[in-house]
1. What is the packing order of peptides 245-253, 87-95, taking the mean over residues of other C-beta atoms within 10 Å and listing the highest first?
2. Can you tell me the convex hull volume per residue for region 31-147, based on C-alpha atoms, in Å³ to the nearest whole number?
3. Of the listed values [x] 1.50; [y] 0.97; [z] 1.20, grab the one calculated as Cα Rg over 2.2 N^0.38 Å from the structure here.
4. Compute the angle between helix 224-255 and the longest alpha-carbon principal axis of the chain, please, reported from 0 to 90 degrees and rounded to the nearest 10.
5. Compute the distribution of all C-alpha to C-alpha distances in region 1-67, in bins of 10 Å from 0, and list the percent of pairs in each, rounded to whole numbers.
6. In degrees from 0 to 90, rounded to the nearest 10, what is the angle of the helix 40-59 Cα long axis to the longest principal axis of the chain?
7. Please sort 152-158, 236-242, 303-309 by packing, taking for each peptide the average over its residues of neighbouring beta carbons within 10 angstrom, highest first.
8. Quick one: helix 299-308 against the long Cα principal axis of the chain, what's the angle to the nearest 10°, folded into 0 to 90?
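Laboratory data are not the source of any read-out in this text; all were calculated from the coordinates shown. In this text, all values refer to a predicted model and were calculated from it rather than measured experimentally. Cβ coordinates were reconstructed from backbone atoms using ideal geometry, including for glycine residues, and neighbour counts include every protein chain displayed.
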């Protein structure tokens, strides 16, 4: 249903754009036929509005990743530095919650570990909405803060670090579908201790799952049907374990290499003293209003990074 709503929204957007374009074309033709220069201002306004809307749709082309349209699981980890870094982690958590609110996303804190004196040691947030992961994934990395510490009586300048990790949310729980054509089922006589034949009938079952070459054998039950049911149950469990391991590998790939929250690894710096500046080190994009950024105005920084990756996605 969510996918259906998203597709309908996309269609409605393009249909609306088509209707506005046709209306504008009609207005231009009317102005030409009537030689009416008074319509020029209206034409310019309509054209500017269409160009802005089309520009937004064109920007959506940067979201070509398989998981971009999923919800995001964003985790904040305080770096080394005790209270300073834990307070910084709290500031980042607030920033992302405010950003999600500005985007019209739903967000909720799934887990949080409070700091020793202030702030948080870590927190996990679920962010739901269109292209939530596509946007949020750009924040993965180390974030650095430079400021006068509110916890230092000498009012000295401190540098703090926090790590942001972002993962796409799984669509649903793992389900296993077994195609009967993928199975080779052999029956044979059940054997007892010493290998003697305890039943002349073929009640034991050996099931081979051909795509994975997993083999399951069962001969403990009294009947062929019972042994087959038990073997299928074991096979499902084996396939479930295989799928979980695959997802764990994919999760590790998406999560990327483990990054330490320390000097040299930061993707973005937030400087509150001796000057005010937020700089993304990946793109060079800067904002001279860190207070606004920390209040959730992240889109300029995020969009600058996404545009810088367009060539990489082709």
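1. Working: 245-253: 10.9, 87-95: 22.6.
Most protected by this proxy first, the peptides run 87-95, 245-253.
2. Numbers: hull volume 17.7 nm³, N = 117.
Dividing the Cα hull volume of region 31-147 by its residues yields 151 Å³.
3. Label [x] holds the value from this structure.
4. In the chain, helix 224-255 runs at an angle near 30 degrees to the longest axis.
5. Taking every Cα pair in region 1-67, the percentages come to 18, 38, 25, 14, 5, 0.
6. In the chain, helix 40-59 runs at an angle near 30 degrees to the longest axis.
7. Values: 152-158: 10.3, 236-242: 14.3, 303-309: 16.4.
Packing proxy ranking, top to bottom: 303-309, 236-242, 152-158.
8. Long axis of 299-308 versus the principal axis of the chain: about 70 degrees.
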